[in-house]
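Quick notes on the structure that follows.
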Amino acid sequence: MAVDVLLGLQWGDEGKGKIVDVLAPQYDIIARFQGGPNAGHTLIFDGKKFVLHTVPSGIFRPGLKNIIGNGVVIDPITLGKELDKLDAAGIDYAGRLFVARKAHLILPSHRLLDAARENAKGDRKIGSTLKGIGPTYMDKTGRNGLRVGNLEAPDFRQRYEALKDKHKQLVGLYPFIQFDLDKEEEAWFKAIERLRQLEFVDGEFWINDAIKRGEKVLAEGAQGSMLDIDFGTYPFVTSSNTITAGVCTGLGIAPQQIGEVIGITKAYCTRVGGGPFPTELLGETGEFLRKEGQEFGATTGRPRRCGWIDLVQLRYTIMLSGVTQLVVTKVDVLNNFDTLQVADAYDVDGTISHSLPFDLVHENYQPVYTPVPGWKSDLTGVKEEASLPQACLDFVKFLEEKLGTRVSMVSTGPDREELVVR
């Protein structure tokens, strides 16, 4: 069986959690393959709202197995809080939630180092969520990190202390910040005991054995494609590969195992934190989108920057990941516009280009917009394609034509039931 992939095509917050939850019954396994607790996957059903940061979004579907892959970095405290909420909601995850031994651990001193480094940057901050994710990936590539499997080693505490001491030395290079390391450490070791209650597996063997048995796998991405460490808006990016290529390294599967690649885009665009955002709207329209779309970070609570949909950017990320079908979310947020604007090209130093520039941070470019009629209609309760306003259908078909990719689903609201399958 092939491994299907679901990932965000913009700067994150595209609605991945909801779509994974909707698709999950078609699969046997949901696998997170990268990122850490900076992810905030929001799911709404039965009048309840859940936000997942580390646990795969298939956990609410009975009988499905969920694995946190080796490409993920795990904060035991955040994971423990998620498990508490699942327990409170009566979600039985025993025997269904697995953790790859090769996944790296976020230490309290990683978060201290993250905060100290970001604080020292002043006006050059990159908008880190201060979850310790960057320093953890740095230790991973620097061959200093601690992994989940190390929790089973008799000398784990000595390894922990050695890494913490290294971090404290590095923190001494930056201006002082308030951070109660002893208190955070106490909570961390309590959370470690909770983590040890989950089933640790050799993830690469576990998932390949499942594929050989014919089990269907959906790989769930975190963050967005434009935050990819190699291909995103560097240096305003995350620390992992958020595109399809990250599935192979984040789970331990071969490229030929990849099947469908489902890319998610909002009907407009958002971004949290610093960094370039070509179609950002700074006036009343941007504020309207923020309020109408409830655009506040599920992880940080920060207001999201809002703008029109950017097809130049989307063509780029569709190309990078080999997207085979699109899901367009939050079309309902655009209900009240007479006319929508779509960025279909960039003016780069006076030359019209349909390709993304090398460096969105410094190069001189402006989006070139194409107006598209709005539908001025309430989409509440719309679940069938035939019930969508013609102008909305025309907008979807316009996206398909310009992006060269089929739109398979259109989300008309936050609940799992508010979805049009085409």
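Assuming T141 fulfils every condition listed in (1) under 30 Å from V272 (Cβ atoms); (2) touching a residue at least 12 places away in the same chain (Cβ under 8 Å) apart from one, which condition is it?
The single condition T141 does not satisfy is (2).
Report yes if some residue within segment 254-264 is among the β-branched types (V, I, T), closer than 20 Å to G71 by Cα and part of a loop (DSSP other than H, G, I, E, B); otherwise report no.
Just the residues of segment 254-264 that are among the β-branched types (V, I, T), to begin with: 258, 261-262, 264.
From the residues that got through so far, the ones that are closer than 20 Å to G71 by Cα too are 258, 261-262.
Restricting the remaining residues to those that are part of a loop (DSSP other than H, G, I, E, B) gives none.
No.
Give me a count of the residues in segment 191-231 that are over 24 Å from the mean Cα position of the chain (by Cα) and crowded, with 24+ Cβ neighbours inside 10 Å.
0
Taking segment 106-131 only, how many residues are farther than 15 Å from L173 by Cβ and at pLDDT 90 or above?
Of the residues in that region, 5 qualify.
Quick test for you: out of G132, G142, pick the one residue that is buried (at least 19 other Cβ atoms within 10 Å of the Cβ) and either within 25 Å of the chain's Cα centre (by Cα) or not polar (S, T, N, Q) (or both).
Values: G142 fails: buried (at least 19 other Cβ atoms within 10 Å of the Cβ).
One residue alone meets the criteria, G132.
Note down all Cβ pairs under 6 Å where the first residue falls in segment 50-75 and is free of Cβ contacts under 8 Å to residues at least 12 places away in the same chain, the second is part of a loop (DSSP other than H, G, I, E, B) and crowded, with 23+ Cβ neighbours inside 10 Å, and they're at least six residues apart or on different chains.
Going by the 6 Å Cβ cut-off, there are no qualifying pairs.
Residues in segment 151-165: is at least one in contact with a Phe, Trp or Tyr (Cβ under 8 Å, 6 or more places away or on another chain) and either under 30 Å from I258 (Cα atoms) or surrounded by 17 or more Cβ atoms within 10 Å (Cβ to Cβ) (or both)? Please lay out each step first, then the result.
Restricting attention to segment 151-165, the residues satisfying the condition of being in contact with a Phe, Trp or Tyr (Cβ under 8 Å, 6 or more places away or on another chain) are 151-152.
Narrowing further to those that are either under 30 Å from I258 (Cα atoms) or surrounded by 17 or more Cβ atoms within 10 Å (Cβ to Cβ) (or both): 151.
Yes, segment 151-165 contains a residue that is in contact with a Phe, Trp or Tyr (Cβ under 8 Å, 6 or more places away or on another chain) and either under 30 Å from I258 (Cα atoms) or surrounded by 17 or more Cβ atoms within 10 Å (Cβ to Cβ) (or both).
With respect to F296, is the statement that it is aromatic (F, W, Y) and at pLDDT below 95 true?
So F296 passes the test.
Taking only segment 249-282 into account, find how many residues are under 20 Å from V372 (Cα atoms) and not basic (K, R).
9
Enumerate the strands (runs of 3 or more DSSP E) found wholly within segment 293-372, keeping only those where 1 or more residues are among the aromatic types (F, W, Y) and within 23 Å of G283 (Cα to Cα).
339-348
Taking G413 as the residue in question, decide whether it is without any contact (Cβ under 8 Å) to a residue 60 or more places away in the chain, assigned to a loop (DSSP other than H, G, I, E, B) and not aromatic (F, W, Y).
Considered against the rule, which asks whether it is without any contact (Cβ under 8 Å) to a residue 60 or more places away in the chain, assigned to a loop (DSSP other than H, G, I, E, B) and not aromatic (F, W, Y), G413 comes out as no.
Going residue by residue through segment 82-91, is there one that turns out to be under 17 Å from the mean Cα position of the chain (by Cα), closer than 25 Å to N241 by Cβ and in contact (Cβ under 8 Å) with a residue 12 or more places away in the chain?
Yes; the residues of segment 82-91 include at least one that is under 17 Å from the mean Cα position of the chain (by Cα), closer than 25 Å to N241 by Cβ and in contact (Cβ under 8 Å) with a residue 12 or more places away in the chain.
Give me the residue from segment 200-227 that is out of contact with any Phe, Trp or Tyr (no Cβ under 9 Å at 6 or more places or on another chain) and part of a loop (DSSP other than H, G, I, E, B) and, out of that set, nearest to I243 (Cα to Cα). First the steps, then the outcome.
Taking segment 200-227 and keeping what is out of contact with any Phe, Trp or Tyr (no Cβ under 9 Å at 6 or more places or on another chain), we get 202, 204-205, 207-214.
Okay, now just the ones that are also part of a loop (DSSP other than H, G, I, E, B), so 202, 213-214.
Numbers: D202: 23, R213: 26, G214: 25 Å.
Looking at the filtered set, the residue picked out is D202.
Run down Y316, Y369 and say which single residue is within 26 Å of E292 (Cα to Cα), surrounded by fewer than 20 Cβ atoms within 10 Å (Cβ to Cβ) and modelled with pLDDT of 95 or more.
Answer to the selection: Y369.
Under 6 Å by Cβ, and 6 or more places apart or on different chains, what pairs join a residue from segment 1-22 that is without any contact (Cβ under 8 Å) to a residue 60 or more places away in the chain with one that is β-branched (V, I, T)?
Listed pairs, sorted by first residue: G17/T42.
Conditions tested, residue by residue: (1) among the aliphatic types (A, V, I, L, M); (2) assigned to a loop (DSSP other than H, G, I, E, B); (3) over 25 Å from T324 (Cα atoms); (4) in contact with a Ser or Thr (Cβ under 9 Å, 6 or more places away or on another chain).
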site	(1), (2), (3), (4)
M1	yes, yes, no, no
I30	yes, no, no, yes
V73	yes, no, yes, yes
K81	no, no, yes, no
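Being more than 18 Å from N70 (Cβ to Cβ), modelled with pLDDT under 90 and small (G, A, S) is the filter; apply it to segment 16-55 and report the residue that is surrounded by the fewest Cβ atoms within 10 Å (Cβ to Cβ).
G47
The values are calculated or read from the model by the stated rules, or taken from the named source; none is laboratory data. Since this is a predicted model, take the numbers as computed values, not measurements. Note: ideal-geometry Cβ built from the backbone for every residue, glycine included; neighbour counts use all protein chains shown.
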